[in-house]
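All of the numbers you see were taken from the coordinates with simple rules; none came from a lab. Since this is a predicted model, take the numbers as computed values, not measurements. Positions of Cβ are backbone-derived with ideal geometry, glycine not excepted, and every protein chain shown enters the neighbour counts.
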Ligand code: PMT
């Protein structure tokens, strides 16, 4: 779906990233959207209403009690006019107001008065983003189906580095275009594995890898946004469970295998994104291994291959595997596609540390028996949506 001919109400709140909103407005209008802007009073400290008015040619609204504005297009009309309400930047304060349903200015009132989908592009200091109160408000907003665009990670205006930067205008526009996904997976059940596994050596030590779970969680959210019923089987991560997704937490490969095999019979699609340990220590000591003068030699035995076991079921679901490779990416991915009898494989070149494991971005080469497609570097949310669109196309054909 695209934003062409869509009426977009752009709400701007008072953060330093507000200076980017004339550019955002221009990018929205140049893609064919009709844009009207509503500013909060503190946003006017960061961006001029005149600049925003000049870009779209439409008057900018900022006051709930403005007699002239109410005579022209009152706030209820404005709320009804909107096909999409986009708030960028959305400050921590505004997100808190939104989560509690306050209506003490024009923008917060419009949020309550509109039936249009609401998208927020948060922008704040990284500490404020991670604050327990902000995170709790985000959970409430996501449960209400308010869509989060970002934030991005990087250097901040205050000098801190971390999550909390507003996404760049072009990324917001791209996500908005994709954030209205068609329900291509409606009626389907999709199971996804995500994150690492931990293989215990003794009660205090384990073997694991650098998977953060971000890619798998993004796929779960994308599938849910496309209308699927989603089951996520996750190894240990620091991520919040995606909203409206059944999430099963596991630790080891054996536990992941058990839960997947129990549930997969009812699934139409299986996506193996987890970085599952291929081997586990033959013995997991019940007591802590003590240091002594000797070398320590450990013997490892093979874990079950979850992906292969699913693909070899008598009636397998559509099965998408991942291949994390540091060399011969195409060759190794294709050999996994055929050896494991998969419908599709997403090859992840993890020799480049800016993508893949524990990064915000990724890039994939996707192969299936009749074709292939490169999904260029993008954040994991965007990429997940593109990948699930490919799956939906293949399922249909
Ligand atoms: O979690 P992130 O930090 O976001 O990073 C994402 C990622 C790099 C982990 C992800 O994009 C990725 O590439 N996942 C696959 C990692 C992997 O273990 O690849 P592999 O080539 O070793 O395994 C091949 C496939 O078999 C994978 O689909 C894997 O889930 C599956 N497998 C492997 C071993 C096993 N015992 N059971 C399995 O199901």
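Return one number: the angle in degrees, 0 to 90 and rounded to the nearest 10, between the long axis of the Cα atoms of helix 329-339 and the longest principal axis of the Cα atoms of the chain.
60 degrees
Rank-order 378-385, 145-152 by packing density, defined as the average count of other C-beta atoms within 10 Å over each peptide's residues, highest first.
Most protected by this proxy first, the peptides run 378-385, 145-152.
Which value in deg cm²/dmol, rounded to the nearest 500, describes the helix-derived mean residue ellipticity at 222 nm for the chain, given -39,500 (n - 2.57) per DSSP H run of n ≥ 4 and division by the residue count?
So the calculated ellipticity at 222 nm is -9500 deg cm²/dmol.
Please figure out what share of the DSSP beta bridges in region 189-396 is antiparallel and state it in percent, rounded to the nearest 5.
Within region 189-396, antiparallel bridges account for around 40 percent of the total.
Could you give me the radius of gyration and the Dmax of the chain, taking only the C-alpha atoms into account and expressing both in angstrom?
Radius of gyration, then largest Cα-Cα span, for the chain: 23.7, 87 Å.
Given Cα pairs under 8 Å that are at least 6 residues apart, what percent is the relative contact order of the chain?
Contact order relative to length: 11 percent.
Using a Förster radius of 41 Å, what is the FRET efficiency between residue 26 and residue 330 based on their Cβ-Cβ separation? Nearest 0.05, please.
0.55
Taking only Cα atoms, what is the 0 to 90° angle, nearest 10, from helix 132-143's long axis to the longest principal axis of the chain?
The two axes meet at around 90 degrees.
If you count, for each residue, the other Cβ atoms within 10 Å and average over each peptide, how do 246-252, 273-279 line up from highest to lowest?
273-279, 246-252
Within region 345-383, find all residues whose amide N lies under 18 Å from a label point positioned 7 Å from the Cα of residue 393 along Cα-to-beta-carbon.
Zone members listed by number: 345-347, 363-378, 382-383.
Expressed as an acute angle from 0 to 90° and rounded to the nearest 10, what is the orientation of the C-alpha long axis of helix 169-178 relative to the principal long axis of the chain?
Long axis of 169-178 versus the principal axis of the chain: about 70 degrees.
Ordered by packing density, taken as the mean number of other Cβ atoms within 10 Å over each peptide's residues, highest first, how do 351-358, 337-344, 282-289, 91-98 rank?
91-98, 337-344, 351-358, 282-289
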